[in-house]
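Participant: Mind looking over this structure? Questions follow.
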């Protein structure tokens, strides 16, 4: 090992994570030259990338990462450290063997991270000659093993070669940043904004997917619960009251001996039922959570394709297509070219007779009991309801178009009352009392005949009117050619 003078040159490492593809990511600060400023970013150790197994980037990778297995061991022994040396195998083949010598907080400890091109050994974390964590693409071994002597005997690069290696990491990161900045200059403002929005959404979706995958029951857990239920069902007669467990030998299980846990406070049948309920829950969670995770994966793939399209300056993407892409992704709303006035909400087109008193106020009455029921049922809770008082039969009148919290104007109440009285048993009296309340204060109980409603709260108003006033109201009817009441002929 080379004993180089103490300098601030090197790579300071912070927290680390392991990736789904079998790599390690560190928070890192690189100092390539004594006169150069510190560069903060992330150090990527990726053995499958034989051309560039170690790289430095300024932004956190988008790949899913977690702190289990090897990352947890490294965090425990090296909460913070520095890369102070690079060791090669005797043959000097960088893609096949690369050793990072770390200076950790542990006094006099020799700590290494070894990257190997071998398929069965990709990353080794070595402390004092012992491999504490051996990480592969599919599995992480955390059992203490003796480290390879070839790794321990590797010779570090010289100071000049080490500084050149640090400079190459920094320059590669600077070149990548320069390319990104160049692309930014080429991309339009709309595409840059779309890229940033898609990137943020992808980050959220990936985090959600990682959480959902952690909650997804393993297929082995479902199968194991089914096997336990089968065995308990076959040997339920062996369970005695107060038993905590049921021991079965290999002849009974057909494979290896097994111990089934039993709740002593429950009967054998209740224990079996509990197990079946657990199986149903596991199967339901496995199905529903599996469908959700698959949808998330499909959505992430869709967003990744859209991001590649937006980021590629060689692909033409006019502003109109960029906007439509964001609308399709649900990241923006389609622009409304012109403000459309909200149409007047009526009970139903063609339902009842309608009288338009002003631009917004509409009176609707039913021609018979069934139509009156339809009009009242389709009215809003804030609409006004007018009907002849005293238990007499007559048409129901609904007043719509008024502001929600506004009281009914006297002229509107008078017009609605006249229609309610005219189309009732008191049509010839030209006077009478009417109920006036909002739709929310009347209700239809099951079994009531058509036209009958229960009134919970209402005012009673006396209205007297003349034939000329009634004629004026009928002149405001929306539909022409309707046969007028005989009293108007």
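Participant: Answer yes or no as to whether residue 197 is under 27 Å from residue 52 (Cβ atoms), at pLDDT 75 or above and under 18 Å from the mean Cα position of the chain (by Cα).
Facilitator: No, not satisfied.
Participant: Are any of the residues in region 375-389 surrounded by 16 or more Cβ atoms within 10 Å (Cβ to Cβ) and over 23 Å from residue 360 (Cβ atoms)?
Facilitator: So in region 375-389, the residues surrounded by 16 or more Cβ atoms within 10 Å (Cβ to Cβ) come out as 375-376, 378-379, 383-389.
Next cut, over 23 Å from residue 360 (Cβ atoms) only: 388-389.
Yes, some residue in region 375-389 is surrounded by 16 or more Cβ atoms within 10 Å (Cβ to Cβ) and over 23 Å from residue 360 (Cβ atoms).
Participant: May I pose another question? Determine which member of the set 109, 133 is surrounded by fewer than 18 Cβ atoms within 10 Å (Cβ to Cβ), modelled with pLDDT of 75 or more and in contact with a strand residue (DSSP E or B) (Cβ under 7 Å, 6 or more places away or on another chain).
Facilitator: Exactly one of 109, 133 is surrounded by fewer than 18 Cβ atoms within 10 Å (Cβ to Cβ), modelled with pLDDT of 75 or more and in contact with a strand residue (DSSP E or B) (Cβ under 7 Å, 6 or more places away or on another chain), namely 109.
Participant: Another question, if that's okay. Does residue 59 count as in a loop (DSSP other than H, G, I, E, B), farther than 17 Å from residue 20 by Cα and at pLDDT below 85?
Facilitator: yes
Participant: Which one of these is surrounded by 14 or more Cβ atoms within 10 Å (Cβ to Cβ), in contact with a strand residue (DSSP E or B) (Cβ under 7 Å, 6 or more places away or on another chain), at pLDDT 90 or above and part of a loop (DSSP other than H, G, I, E, B): 408, 463? Before you say what the answer is, go through the steps one by one.
Facilitator: Numbers: 463 fails: part of a loop (DSSP other than H, G, I, E, B).
Result of the check over 408, 463: 408.
Residues are listed down the side, and each one gets a yes or a no for (1) at pLDDT 85 or above; (2) exposed (fewer than 13 other Cβ atoms within 10 Å of the Cβ):
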| residue | (1), (2) |
| --- | --- |
| 26 | yes, no |
| 35 | no, yes |
| 38 | no, yes |
| 42 | yes, no |
| 81 | yes, no |
| 92 | no, yes |
| 96 | no, no |
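Participant: Being without any contact (Cβ under 8 Å) to a residue 40 or more places away in the chain and within 24 Å of residue 362 (Cβ to Cβ) is the filter here, so list the residues in region 442-463 that pass it.
Facilitator: Correct list: 443, 455, 457, 458, 459.
Participant: Could I ask something else about it? Inside region 431-460, can you point out the residues that are part of a loop (DSSP other than H, G, I, E, B), surrounded by 11 or more Cβ atoms within 10 Å (Cβ to Cβ) and either outside the structural domain of residue 400 (by TED's automatic domain parsing) or touching a helix residue (DSSP H, G or I) at 6+ places or on another chain (Cβ under 9 Å) (or both)?
Facilitator: So the first thing to find is which residues in region 431-460 are part of a loop (DSSP other than H, G, I, E, B), and the list is 444-453, 456-458.
Subset that is surrounded by 11 or more Cβ atoms within 10 Å (Cβ to Cβ): 444, 448, 450-453, 458.
Passing the criteria: 444, 450, 451, 452, 453, 458.
Participant: Look through 357, 362 and report the one residue that is modelled with pLDDT of 80 or more, in the same structural domain as residue 448 (by TED's automatic domain parsing) and in contact with a strand residue (DSSP E or B) (Cβ under 6 Å, 6 or more places away or on another chain).
Facilitator: Exactly one residue qualifies, and that residue is 362.
Participant: Among the candidates 233, 188, 214, which residue alone is free of Cβ contacts under 8 Å to residues at least 12 places away in the same chain and exposed (fewer than 15 other Cβ atoms within 10 Å of the Cβ)? Working first, answer last.
Facilitator: On the way: 233 fails: free of Cβ contacts under 8 Å to residues at least 12 places away in the same chain; 188 fails: free of Cβ contacts under 8 Å to residues at least 12 places away in the same chain.
Going through 233, 188, 214 in turn, just one is free of Cβ contacts under 8 Å to residues at least 12 places away in the same chain and exposed (fewer than 15 other Cβ atoms within 10 Å of the Cβ): 214.
Participant: Next question. Assuming residue 414 fulfils every condition listed in (1) outside any strand (DSSP E or B); (2) in contact with a helix residue (DSSP H, G or I) (Cβ under 7 Å, 6 or more places away or on another chain); (3) modelled with pLDDT of 90 or more apart from one, which condition is it?
Facilitator: Going through the list (1) outside any strand (DSSP E or B); (2) in contact with a helix residue (DSSP H, G or I) (Cβ under 7 Å, 6 or more places away or on another chain); (3) modelled with pLDDT of 90 or more, residue 414 breaks only (2).
Participant: From 277, 262, which residue is touching a strand residue (DSSP E or B) at 6+ places or on another chain (Cβ under 7 Å) and assigned by TED's automatic domain parsing to the domain that holds residue 325? Walk me through how you get there before you give the answer.
Facilitator: Working: 277 fails: touching a strand residue (DSSP E or B) at 6+ places or on another chain (Cβ under 7 Å).
Step by step, each of 277, 262 is checked, and only 262 is touching a strand residue (DSSP E or B) at 6+ places or on another chain (Cβ under 7 Å) and assigned by TED's automatic domain parsing to the domain that holds residue 325.
Participant: Taking the condition more than 18 Å from residue 55 (Cα to Cα) and at pLDDT below 80, does residue 152 pass?
Facilitator: In short, no.
Participant: I'm checking my understanding of the structure. Among residues of region 14-24 that are surrounded by fewer than 21 Cβ atoms within 10 Å (Cβ to Cβ) and out of contact with any helix residue (DSSP H, G or I) (no Cβ under 7 Å at 6 or more places or on another chain), which one is modelled with the highest pLDDT? Before the answer, list the steps.
Facilitator: To start, the set of residues in region 14-24 that are surrounded by fewer than 21 Cβ atoms within 10 Å (Cβ to Cβ) comprises 14-15, 19-22.
Pick out the ones that are also out of contact with any helix residue (DSSP H, G or I) (no Cβ under 7 Å at 6 or more places or on another chain) and you get 14, 19-22.
On the way: 14: 88, 19: 82, 20: 76, 21: 75, 22: 77.
Looking at residues that are surrounded by fewer than 21 Cβ atoms within 10 Å (Cβ to Cβ) and out of contact with any helix residue (DSSP H, G or I) (no Cβ under 7 Å at 6 or more places or on another chain), I get 14.
Participant: Residues of region 309-330 being surrounded by 16 or more Cβ atoms within 10 Å (Cβ to Cβ) and assigned to a loop (DSSP other than H, G, I, E, B), which ones?
Facilitator: 317
Participant: Report yes if residue 398 is surrounded by 23 or more Cβ atoms within 10 Å (Cβ to Cβ) and either in a helix (DSSP H, G or I) or assigned by TED's automatic domain parsing to the domain that holds residue 473 (or both), otherwise no.
Facilitator: yes
The values are calculated or read from the model by the stated rules, or taken from the named source; none is laboratory data. As the structure is a computational prediction, the values presented were derived from the model and not from experiment. Every residue, glycine among them, receives a Cβ derived from its backbone with ideal geometry; neighbour counts consider all protein chains shown.
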